[in-house]
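*Asks:* Starting off with a structure, shown below.
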Amino acid sequence: MNLNMSDKDRKKVDVFIPFDVQLVVHKEENKSYIRSESNEGFPVNYKIPVDGNLLDISILSDPSRVSFSLKETLYKNSTKRQLKKTEAVLMTIASSFKDHLQGFIKEFRKDFVLKGNNYKAEINGNSIKLYLGYSHSFDFELPPEITLVEMPKTKGRNFRMTSKDKSLLSKWAADFKRLRKPNNYSGQGIFFKG
């Protein structure tokens, strides 16, 4: 079954651009990139994780925004099921790009609480050593985009990670939490606060 849709029926998602950010769409070998740099020096180098034949990407003004939409050929050559999956990918890409742009406005953060006997974290610059009740410690060297801060008066049991890159921060937070998953019965593990 082929779908014929008018331009107004096509799936489209707009992501608004923060003030003072200029963006340009580059296309190289069927892949699209959105590039720019803000006044603060935080670069936008967002690689669109999908084939360039699926999406139309345009930068619009008044108000300033990036528009993601599915190409018209998809509507002509796809079944409803295929189209629904592709629309879900479009929404994921737009959401991920929106999170990427929010790094211009604010820093993302994750607060950790270590609960358990002899659980603690030693922070030295961008490296962290975690003691989690095992016979050994876990040593990590974090990328420079992530900042570690030990919370005062907690004796190494609470710390905060901040970054302008939400996906990178979430990846490292999940890796830490995987070391000692929270156990609700004993109350031990690595917990997120807030």
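Bear in mind these aren't lab numbers, they're just calculated from the coordinates by the rules spelled out. Keep in mind that this is a model prediction, so the values were computed, not measured. Heads up, the Cβs are rebuilt from the backbone with ideal geometry, glycines too, and the neighbour counts pull from every protein chain shown.
*Asks:* Filter the GluC sites (Glu not before Pro) in the range 95-194 to those in DSSP coil with at most 16 other Cβ atoms within 10 Å of their Cβ, and list the result.
*Replies:* Those that pass, being in a loop and sparsely packed, are GLU107, GLU145.
*Asks:* Let me ask something additional. Computed over the Cα atoms of the range 118-194, what is the convex hull's projected area averaged over all directions, in nm²?
*Replies:* Values: hull surface 21.8 nm².
The Cα convex hull of the range 118-194, projected and averaged over all directions, gives 5.5 nm².
*Asks:* Given the Cα-Cα distance of MET151 and PHE16 and 0.36 nm per residue of separation, how much length would full extension add, in nm? The partial results should precede the final answer.
*Replies:* Working: separation 135, 0.36 × 135 = 48.60 nm, distance 3.43 nm.
Extending this stretch completely gives an extra 45.2 nm.
*Asks:* While we're looking at this one, here's another question. Which FRET efficiency value, to the nearest 0.05, is calculated for SER95 and ASN124 with the Förster distance at 35 angstrom and r the Cβ-Cβ distance? Working shown, then result.
*Replies:* Values: r = 35 Å, r/R0 = 1.01.
Efficiency, rounded to the nearest 0.05: 0.50.
*Asks:* In the range 94-153, what trypsin sites (Lys or Arg not before Pro) fall in a loop by DSSP, with at most 13 other Cβ atoms inside 10 Å? All intermediate terms of the calculation are to be shown ahead of the outcome.
*Replies:* Details: sites: LYS98, LYS106, ARG109, LYS110, LYS115, LYS120, LYS129, LYS153; in loops: LYS106, LYS153.
Counting only loop positions with at most 13 other Cβ atoms within 10 Å, the trypsin sites (Lys or Arg not before Pro) in the range 94-153 are LYS106, LYS153.
*Asks:* Continuing with this model, one more query. Taking 30 Å as R0, compute the FRET efficiency from the Cβ-Cβ separation of GLU141 and GLN102 and round it to 0.05. Walk me through the intermediate numbers first.
*Replies:* Working: r = 26 Å, r/R0 = 0.88.
For R0 = 30 Å, the calculated efficiency reads 0.70.
*Asks:* Anything over 21 Å Cα to Cα? Flag those among LYS106/LYS153; LYS129/LYS177; LYS12/LYS110; LYS115/LYS193, in the order listed.
*Replies:* LYS106/LYS153; LYS12/LYS110
*Asks:* Output needed: percent of Cα pairs per 10 Å distance bin for the range 64-194, bins running from 0 to the one holding the longest distance.
*Replies:* 11, 33, 23, 17, 12, 5, 0
*Asks:* Roughly what would the spin-label model give for LYS171 and PHE192, points 7 Å off Cα along C-beta, in nm?
*Replies:* Placing both labels 7 Å along Cα→Cβ, they lie 1.7 nm apart.
*Asks:* Net charge near SER127: determine it from the other residues with C-beta under 14 Å of the C-beta of SER127, scoring Lys and Arg +1 and Asp and Glu -1. Walk me through the numbers before you get to the answer.
*Replies:* Details: positive: LYS129; negative: GLU122, ASP139, GLU141, GLU150.
Taking every other residue near SER127 into account, the sum is -3.
*Asks:* Another question about this same structure. Tell me, in nm to one decimal, what length is gained between ALA88 and ASN183 on full extension, where the rule is 0.36 nm per residue of separation less the Cα-Cα distance?
*Replies:* Values: separation 95, 0.36 × 95 = 34.20 nm, distance 3.35 nm.
Extra length from ALA88 to ASN183 when fully extended: 30.8 nm.
*Asks:* I want the local charge near GLY156. Using Cβ-Cβ distances under 9 Å, sum +1 for each Lys or Arg and -1 for each Asp or Glu among the other residues. Write out the running numbers ahead of the final one.
*Replies:* On the way: positive: LYS120, LYS155, ARG157; negative: GLU122, GLU150.
My count for the surroundings of GLY156 gives +1.
*Asks:* Find the Cα radius of gyration of the range 66-141, compare it with 2.2 N^0.38 Å by division, and give the number to two decimals. Present the calculation step by step, with values, prior to reporting the outcome.
*Replies:* Details: Rg = 22.1 Å, N = 76, 2.2 N^0.38 = 11.4 Å.
My calculation over the Cα atoms of the range 66-141 gives 1.94.
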